[in-house]
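The values are calculated or read from the model by the stated rules, or taken from the named source; none is laboratory data. Because the structure is a prediction, the values reported are computed rather than measured. Cβ: placed from backbone, ideal geometry, glycine included. Neighbour counts: every protein chain shown.
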Amino acid sequence: MTDLQSNNNLIERYQGVCNEVNQLCTDYASPVTLLAVSKKHPIESIEQIYQQGQRCFGENYVQEGVEKAQALRHLDIEWHFIGPIQSNKSRQVAEHFDWVHTIDREKIAQRLNDQRPCHLANLNVLIQVNISQQDSKSGIHISEVSELAKAIIDMPHLTLRGLMCIPAPSDENHLRADFLAMKQAYESLRTNNANIDTLSMGMSSDLALAIECASTMVRIGTAIFGQRN
Ligand SMILES: *Cc1c(COP(=O)(O)O)cnc(C)c1O
């Protein structure tokens, strides 16, 4: 395949995902942000879909994300960190990203708050919920959301915007049950806090179901960029 053909495929896939998300927003009368998950894909691909109007990009690995953000600092991109955070990498996340989707303990939230540079706007954060209760996965139990939320709301350099989940791969009924449990937790958090406006759920394989269940932000990698290496 020539470079030109692969560029055309990228743009076609991107436009296909935009159309699908827009149609679902119309069907369910709810606005949804498309986060393009660019992990393991080159800077050129990010620039390609930026030129099509995409502004929000998600990265999982600190080093890779920071390198991309620095290389593209002339562009008006909102960078979302969506991978697990280790304490020793929190400073780089606090300095280079606009959002973090994977807060699962008070200690890491406190570090991000303390390390957020004062000249930057607050870091937007989401609490990650281990909705399918998988041993191997990060995230807190859904019953612990309100306690962690209270702690984060008191941190002056963070703005708690909502919740995020990565459900276990499963059939549609189990996935729907997980998504609806997230919706309920999100709505109860929202009744107490005006800043809560984001429910980050849905990936390439389940974005329609997630939007049906009240997702406000879908994180899409493969359906836009193709398979990762
Ligand atoms: C990789 C990743 C995605 C994107 O997954 P696709 O199936 O490629 O759309 C979304 N969210 C998180 C947290 C990821 O790590």
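For the stretch 46-64, which residues satisfy the criterion of being under 19 Å from residue 94 (Cα atoms) and among the β-branched types (Val, Ile, Thr)?
Of the stretch 46-64, the ones under 19 Å from residue 94 (Cα atoms) are 56-64.
Once the filter is applied, which keeps residues that are under 19 Å from residue 94 (Cα atoms) and among the β-branched types (Val, Ile, Thr), the stretch 46-64 yields only 62.
Taking the conditions (1) more than 16 Å from the ligand (Cβ to nearest atom); (2) at pLDDT 95 or above; (3) farther than 25 Å from residue 209 by Cα; (4) of a type in the set (Asp, Glu) in turn, residue 12 satisfies each one other than (3). Take residue 40 and decide whether it is among the charged types (D, E, K, R) and at positive phi. When the stated conditions are applied, residue 40 passes them.
Restrict the check to the stretch 112-126 and report whether at least one residue is part of a helix (DSSP H, G or I), within 21 Å of residue 213 (Cβ to Cβ) and within 19 Å of the chain's Cα centre (by Cα).
Taking the stretch 112-126 as the starting set, the residues that turn out to be part of a helix (DSSP H, G or I) are 112-115.
Remaining after also requiring within 21 Å of residue 213 (Cβ to Cβ): none.
No: the stretch 112-126 contains no residue that is part of a helix (DSSP H, G or I), within 21 Å of residue 213 (Cβ to Cβ) and within 19 Å of the chain's Cα centre (by Cα).
Evaluate the stretch 169-183: report whether one residue or more is at pLDDT 95 or above, in a helix (DSSP H, G or I) and touching a strand residue (DSSP E or B) at 6+ places or on another chain (Cβ under 6 Å). Yes, the stretch 169-183 contains a residue that is at pLDDT 95 or above, in a helix (DSSP H, G or I) and touching a strand residue (DSSP E or B) at 6+ places or on another chain (Cβ under 6 Å). With respect to the stated conditions, residue 38 fails to be away from the ligand (no atom under 16 Å from the Cβ), closer than 27 Å to residue 197 by Cα and under 20 Å from the mean Cα position of the chain (by Cα). One residue stands out among those in the stretch 184-215 that are assigned to a helix (DSSP H, G or I) and crowded, with 23+ Cβ neighbours inside 10 Å: the one that is nearest to the ligand (Cβ to nearest atom), which is 210.
Being touching a residue at least 60 places away in the same chain (Cβ under 8 Å) and among the hydrophobic types (A, V, I, L, M, F, W, C) is the filter here; which residues of the stretch 204-215 pass it? Before you say what the answer is, go through the steps one by one.
Taking the stretch 204-215 and keeping what is touching a residue at least 60 places away in the same chain (Cβ under 8 Å), we get 207-208, 211-212, 214-215.
207, 208, 211, 214 - these are the residues of the stretch 204-215 that are touching a residue at least 60 places away in the same chain (Cβ under 8 Å) and among the hydrophobic types (A, V, I, L, M, F, W, C).
Of the conditions (1) surrounded by 13 or more Cβ atoms within 10 Å (Cβ to Cβ); (2) in contact (Cβ under 8 Å) with a residue 60 or more places away in the chain; (3) within 13 Å of the ligand (Cβ to nearest atom); (4) farther than 17 Å from residue 131 by Cα, residue 218 satisfies every one except a single condition; which number is it? Unmet for residue 218, out of (1) surrounded by 13 or more Cβ atoms within 10 Å (Cβ to Cβ); (2) in contact (Cβ under 8 Å) with a residue 60 or more places away in the chain; (3) within 13 Å of the ligand (Cβ to nearest atom); (4) farther than 17 Å from residue 131 by Cα: (4).
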